[in-house]
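Colleague: Here's a structure for you.
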Amino acid sequence: MRPPALSQALRVFARIAAVAAVLVAVCLLAPRPARAETAHLRDDGRWKEVEARRLGDVPGFRPVRDVPLSRYGGLATIKHKATGFFRTDKTGGRWWLVDPDGCLFLSVGLCSVNLSCFDGPGDFGSNTKWAEATADLLRAHGFNTLGRWSDADRFRDLETPIPYCTSLRFMSTYKHERPAANGERGFPHETMPVFDPEWPDFCNRYAERLADTKDDPWLLGHFSDNELPFRPDALENYLALPASDVGHQAAVRFLASRGKTPRTATNADNDAFCTLVAERYYTAVAEAIRRRDPNHLLLGSRLHGRCIRGPTFRGARAVDVVSVNYYHRWSVEADRMADWVRLSGRPVLVSEWYAMALVPGEDVRGAGFRVKTQRDRGRFYQHFALGLLEHPGCVGWHWFKYGSRTKGIVNESFEPRRDLLDLMQELNGQVLPLATFFVDRR
């Protein structure tokens with residue numbers, strides 16, 4: 001006969017075992033949460049699987065069936081002050097673009113919407129027919145902006161144009177016209193001649209070309225240059241110029257004003273000089289553009305690589321939007337982007353990014369990720385764009401690019417890449433509801 005204490009312990013154990021069995025059964029029968037999708041990424045010569053968040057992975061968000069849009073592509077249900085041109089606004093804890101009709105807008109664009117990689121307009125018959133069909137393709141898949149290097153003039157002539165950007169080349173032009181007395185032309189030692197006394201006057205002359213677009217409401221804004229050398233070692237580079245170079249002399253004067261010499265300069269001195277270089281560039285460009293065109297946004301110079309640093313953003317306060325060509329990151333770096341916004345006091349536009357599907361046996365170049373399939377490209381698009389939409393300082397992005405053998409949304413025969421475009425469309429159609437959802441969730 002069992003002792004009473006042992007019998008009671010066995011009965012308790014039996015009840016616990018029964019409950020555990022029920023729980024195990026429930027767990028086995030209950031639907032398991034779906035595993036996040038993965039994309040195949042080429043990394044260091046090998047393929048690996050990386051998670052790619054999709055629209056359906058956003059907790060609590062329910063897609064909106066029909067998003068009411070303005071003629072420019074803004075959210076028609078929320079109206080702010082209309083100025084007749086695009087502008088920026090910070091409301092509800094988030095930066096936005098506001099379209100000419102006063103509707104909240106985020107720029108979802110494509111770079112290089114042109115015929116540069118094609119042998120003419122193909123079966124479209126004419127450049128105008130190509131532009132009409134391409135505008136329909138872009139709108140059908142949620143794109144609302146023509147990014148840099150696009151053939152904007154073709155689209156401006158359509159019955160319903162698409163918002164576009166200019167592709168200006170202030171410094172990229174001046175470097176070839178620099179007076180010989182100031183120093184070597186180009187970007188010697190990766191420096192820019194921002195200290196030349198002629199630089200502001202050149203900007204004023206160059207900006208005269210803006211007369212044709214200054215009253216166009218479909219113009220989103222101006223890119224002033226592309227990927228300039230705002231180098232992190234700017235002070236050292238300017239000091240390496242010949243003593244007769246205006247840039248070298250400016251660096252020496254800068255150090256003297258801080259009681260320093262080249263031998264006693266610190267990292268703090270270098271960062272302050274980097275900021276000064278950026279200020280000299282952006283201030284001259286901004287003043288020239290606003291003198292000739294006070295209506296449109298200055299979208300910056302498309303920072304890249306090692307030039308994406310705090311000192312550059314501090315020196316970029318003269319712009320309306322800081323543009324960044326954002327590469328080599330599978331996921332958005334929220335804290336880093338917050339620094340960009342804080343230091344510049346301006347919102348950020350991701351002006352270039354992409355993933356390419358590798359073609360067997362073909363050597364491809366470019367900064368974008370290498371993935372296996374067009375669907376992997378679409379997975380990356382959704383994953384990265386969701387991170388951008390979550391960030392209150394991001395006012396949009398421009399994918400690189402329209403047409404290409406490996407990088408475009410269409411191939412060299414104008415055939416749309418459906419596996420990519422279907423996922424782009426799924427996300428793009430919800431951009432504005434998602435942005436407001438993320439604001440409310442915070």
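Okay, residues lined up against (1) under 27 Å from Ala133 (Cα atoms); (2) over 14 Å from the mean Cα position of the chain (by Cα):
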site	(1), (2)
Trp330	no, no
Met337	no, no
Ser344	no, yes
Arg365	no, yes
Asp376	yes, yes
Tyr381	yes, no
Trp397	yes, no
Lys401	yes, no
Pro416	yes, yes
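Colleague: Which condition number in (1) over 15 Å from the mean Cα position of the chain (by Cα); (2) assigned to a loop (DSSP other than H, G, I, E, B); (3) of a type outside the set (Asp, Glu) is the one that Leu420 fails?
Modeller: All conditions are met except number (2).
Colleague: Could you list all residues from segment 16-42 that are surrounded by 12 or more Cβ atoms within 10 Å (Cβ to Cβ) and either over 20 Å from His141 (Cβ atoms) or modelled with pLDDT under 95 (or both)?
Modeller: Ala36, Glu37, Thr38, His40, Leu41, Arg42, listed by residue number.
Colleague: If you don't mind, there's one more thing I want to ask. Can you give me the ranges of the strands (runs of 3 or more DSSP E) entirely in segment 270-373 with at least 1 residues that are within 25 Å of Tyr238 (Cβ to Cβ)?
Modeller: By residue number, 322-325.
Colleague: List every residue pair whose Cβ atoms sit under 6 Å apart, with the two residues 6 or more apart in sequence or on different chains, where the first one lies in segment 323-351 and is farther than 20 Å from Gly221 by Cβ and the second, anywhere, is of a type outside the set (Gly, Ala, Ser) and not in a loop (DSSP other than H, G, I, E, B).
Modeller: Trp330/Val50; Val332/Leu388; Leu343/Phe313; Leu343/Arg314
Colleague: Please name all residue pairs, on different chains or six or more residues apart, with Cβ atoms under 6 Å, provided the first residue is in segment 132-158 and is assigned by TED's automatic domain parsing to the domain that holds Asp225 and among the acidic types (Asp, Glu) and the second residue is outside any helix (DSSP H, G or I) and crowded, with 17+ Cβ neighbours inside 10 Å.
Modeller: Asp151/Asn114
Colleague: If Leu343 meets every condition in (1) surrounded by fewer than 20 Cβ atoms within 10 Å (Cβ to Cβ); (2) out of contact with any Gly (no Cβ under 6 Å at 6 or more places or on another chain) apart from one, which number is that one?
Modeller: Here Leu343 meets the rest and fails (2).
Colleague: Going by what's in this entry, would Ala268 be described as surrounded by fewer than 21 Cβ atoms within 10 Å (Cβ to Cβ) and assigned by TED's automatic domain parsing to the domain that holds Phe369?
Modeller: The answer is yes for Ala268.
Colleague: Would you call Tyr174 free of Cβ contacts under 8 Å to residues at least 60 places away in the same chain, hydroxyl-bearing (Ser, Thr, Tyr) and closer than 26 Å to Trp399 by Cβ?
Modeller: When the stated conditions are applied, Tyr174 does not pass them.
The values are calculated or read from the model by the stated rules, or taken from the named source; none is laboratory data. For clarity, every value in this text was computed on a predicted model and none was experimentally measured. Note that we place each Cβ from the backbone using ideal geometry, even for glycine, and neighbour counts take in every protein chain shown.
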